[in-house]
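The structure appears right after this line, and notes come after that.
The values are calculated or read from the model by the stated rules, or taken from the named source; none is laboratory data. As the structure is a computational prediction, the values presented were derived from the model and not from experiment. A quick note on method: Cβ atoms are made from the backbone with ideal geometry, for glycine too, and the neighbour counts reach across all protein chains shown.
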Amino acid sequence: MGLGGGATFSITFERNNKIHLHMEKPVISDLEISTLLAKKVEIEKQLETLLKERAFPHFSSKKFIGDLGEYYAKINLVHLFEPDTLKVMDVSNASCDMQGILKDEVAQDWEVPKEVGIEVKTRYHQLGSPHLKGLHPEKFDLLVFVSLNHDYSCHYVGVLKKEDIIPDKQMRISFSNIASKVVYPKNSKFEEHR
């Protein structure tokens with residue numbers, strides 16, 4: 001049966017005399033959105049090339065937000081580590097996202113080992129208190145939370161020790177519940193997006 005607008009309508013009968021109505025509609029595309037997304041893909045390719053030139057080992061447009069967060073984490077925290085020791089893992093499915101050797105005074109102040117594994121969780125312009133999911137504190141020493149603005153610029157980078165992170169049964173936390181435990185930065189507080 002035709003319904004107009006390209007939709008089709010059909011009725012299916014099952015053995016138990018139940019009637020199932022099926023309304024099918026062709027896939028709709030939006031030329032304006034598709035054009036912008038094509039530009040985004042091209043820009044992501046350029047970003048991938050630029051980041052590789054800057055010795056950032058991996059970048060995936062499919063994991064754009066996470067990879068961008070790792071990049072912001074590295075450039076914002078490198079001063080806390082011994083020279084040339086803060087490394088992003090070569091593969092995105094490694095046990096942690098980054099590893100490094102903290103400067104002596106930082107490790108002592110934070111009461112963590114000098115050599116640390118780092119998990120990075122990034123949220124893109126999330127309103128209210130960001131929820132960080134998929135946390136497995138046994139796999140890292142430090143958790144870095146990166147918040148991005150709507151234009152993908154860096155809004156906030158905060159560092160937490162694993163012992164201050166107690167995820168719920170779904171392995172998630174609400175950042176506002178632990179924001180007071182941030183070890184870095186000490187003088188800058190996270191402000192929620194509105």
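Please verify whether Glu70 is on the phi < 0 side of the Ramachandran plot, within 23 Å of the chain's Cα centre (by Cα), at pLDDT 80 or above and loosely packed, with under 11 Cβ neighbours inside 10 Å, treating the condition exactly as stated.
Working: on the phi < 0 side of the Ramachandran plot: yes; within 23 Å of the chain's Cα centre (by Cα): yes; at pLDDT 80 or above: yes; loosely packed, with under 11 Cβ neighbours inside 10 Å: no.
For Glu70, the condition - on the phi < 0 side of the Ramachandran plot, within 23 Å of the chain's Cα centre (by Cα), at pLDDT 80 or above and loosely packed, with under 11 Cβ neighbours inside 10 Å - is not met.
Among residues belonging to segment 131-168 that are assigned to a strand (DSSP E or B) and of a type in the set (Phe, Trp, Tyr), point out the one that is nearest to Gly100 (Cα to Cα). The qualifying residue nearest to Gly100 (Cα to Cα) is Phe145.
Exactly one residue among Ile101, Ile165 is at pLDDT 95 or above, surrounded by 13 or more Cβ atoms within 10 Å (Cβ to Cβ) and at negative phi, and that residue is Ile101.
Outside any loop (DSSP other than H, G, I, E, B), buried (at least 16 other Cβ atoms within 10 Å of the Cβ), out of contact with any His (no Cβ under 9 Å at 6 or more places or on another chain) and at pLDDT 95 or above - does that describe any residue in segment 169-182?
Initially, segment 169-182 is screened for residues outside any loop (DSSP other than H, G, I, E, B), giving 173-181.
Filter again for buried (at least 16 other Cβ atoms within 10 Å of the Cβ), leaving 173, 175, 178-179.
Narrowing further to those that are out of contact with any His (no Cβ under 9 Å at 6 or more places or on another chain): 178-179.
Applying the additional criterion that residues be at pLDDT 95 or above yields none.
No, that holds for no residue.
Filtered by the rule that a residue be among the aliphatic types (A, V, I, L, M) and surrounded by fewer than 15 Cβ atoms within 10 Å (Cβ to Cβ), segment 105-153 gives a lone residue, Leu127.
On the given criteria, is Ser92 under 15 Å from the mean Cα position of the chain (by Cα) and assigned to a strand (DSSP E or B)?
Details: under 15 Å from the mean Cα position of the chain (by Cα): yes; assigned to a strand (DSSP E or B): no.
For Ser92, the condition - under 15 Å from the mean Cα position of the chain (by Cα) and assigned to a strand (DSSP E or B) - is not met.
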